[in-house]
Amino acid sequence: FEFSRAVTRRPSASIINGLRAEDIGTPDLDQMLADHAHYVATLKETGAEVIELPPLEAYPDAVFVEDTALCLPQGAVMMRPGAPSRMGEVAEMEPALRAVYEDIRQISGPGHIEGGDILVTGREVLVGRSDRTDAAGVAELAGILADWGHSLREVFTPPGVLHFKTDCSLLDADTILSTKRLEASGCFEGYNVLHVADGEEAAANSIRFNQYVICPAGFPRTAEMLSNAGYDVVQINNSECSKLDGGMSCLSLRF
Ligand code: CIR
């Protein structure tokens, strides 16, 4: 959770065509740009360098950069999204990572894996199988991570939940913020787990970034619980990204 860099990408006007499980309204670009600017400013406030990439009209979901790569101290792994409309985002991200990493690996397929399904903790890399991440994608990543000395554990994203990290986030090396439904699967045995408040499941897609826990706004009981636990909480409006099943983790690559 200590990072010196992040990569973000500004939302494009084509965001209105972004993927969503359920249509709950069209995202408003101006509001999303304002929220995105608040997000980037918060990352920068911690002293980190933020590499801000330009909008990509051809890829409506490209603002959700997290899904395109896994960034670790040893190198970066370019993902292979399970959503066909998002495949091209990976090549658009690669030059930015080549500028900072010497070792870049690729998930070459036939499997699929998206960064939103990967949680790196202080002791292992957890990867949730989902509609976007399949067994072959997980196996290919496991091979790459073995080269770098990381152990990967395959777990399962609950049905109806887009990504593993839709329902959890890392608060510190051994502490995880999770929905009750995800923890019930037993995937966090041995960790300290804090639960989001009932009815505030969307607050689980938060991030610990240096001194801050950055949470979506509108989940007061979870924010209070985190503050009481000693975390420095920053709340950012997420009304527009949430229409596209996106949250705080999706909006950056952090390393
Ligand atoms: C998608 O369905 O792919 C986007 N609309 C949302 C991606 C959210 N990404 C993430 O949770 N890492």
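What shape does the stretch 1-86 take by its C-alpha gyration tensor, where a ≥ b ≥ c are the square roots of the eigenvalues and a/c under 1.5 counts as rounded, a/b above b/c as prolate, and the rest as oblate?
Since a/c reaches 1.5 but b/c is at least a/b, the shape of the stretch 1-86 is classed as oblate.
Choose one answer from I104, I118, I24: the residue with the largest mean-square fluctuation in a GNM of the chain with alpha-carbon springs under 10 Å.
I24
Which three numbers, in whole Å and largest first, are the semi-axes of the equivalent ellipsoid of the stretch 1-144 derived from its Cα gyration tensor as √(5λ)?
After scaling each eigenvalue by five and taking roots: 24, 20, 14 Å.
Would you mind working out the magnitude of the charge dipole of the chain relative to its Cα centre, with +1 at each Lys and Arg C-beta and -1 at each Asp and Glu C-beta, to the nearest 20 Debye?
The calculated dipole for the chain is roughly 200 debye.
Find out how many positive minus negative residues lie around R105, taking Lys and Arg as positive, Asp and Glu as negative, among other residues whose Cβ is under 10 Å from that of R105.
-3
Please give the charge dipole size of the stretch 169-215, origin at the Cα centre, charges +1 on K and R Cβ atoms and -1 on D and E Cβ atoms. Round to the nearest 20 debye.
100 debye
Just to be sure I understand: if I project the alpha-carbon convex hull of the stretch 214-255 onto a plane and average over all orientations, what area do I get in nm²?
In nm², the orientation-averaged hull projection of the stretch 214-255 is 3.4.
For the stretch 95-191, which chymotrypsin sites (Phe, Trp or Tyr not before Pro) pass both filters: DSSP loop (anything but H, G, I, E, B) and at most 15 other C-beta atoms within 10 Å?
W148
Taking the dipole about the Cα centre of the chain, with the C-beta of Lys and Arg at +1 and of Asp and Glu at -1, give me whichever of T179, S12, L72 is farthest to the positive side.
L72
Hey, if you put +1 on the Cβ of every Lys and Arg and -1 on every Asp and Glu Cβ in the chain, which of L33, A96, S108 ends up farthest toward the positive end of that dipole?
It is S108.
Once you have a ≥ b ≥ c as the square roots of the Cα gyration tensor eigenvalues for the stretch 173-243, tell me rounded if a/c is under 1.5, and otherwise prolate or oblate according to whether a/b is larger than b/c.
Note, shape of the stretch 173-243 comes out oblate.
Determine the equivalent ellipsoid of the chain by diagonalising the alpha-carbon gyration tensor, then write out the semi-axes as square roots of 5 times the eigenvalues, largest first, rounded to whole Å.
Rounded to whole Å, the semi-axes are 23, 22, 18.
From the helices alone, meaning DSSP H stretches of at least four residues, give me the mean residue ellipticity at 222 nm for the chain, per-run term -39500 (n - 2.57), in deg cm²/dmol to the nearest 500.
-6500 deg cm²/dmol
All of the numbers you see were taken from the coordinates with simple rules; none came from a lab. The shown structure was predicted, so the numbers you read here are calculated from the model rather than taken from an experiment. Cβ sites come from the backbone with ideal geometry, for glycine too, and all protein chains shown count toward neighbours.
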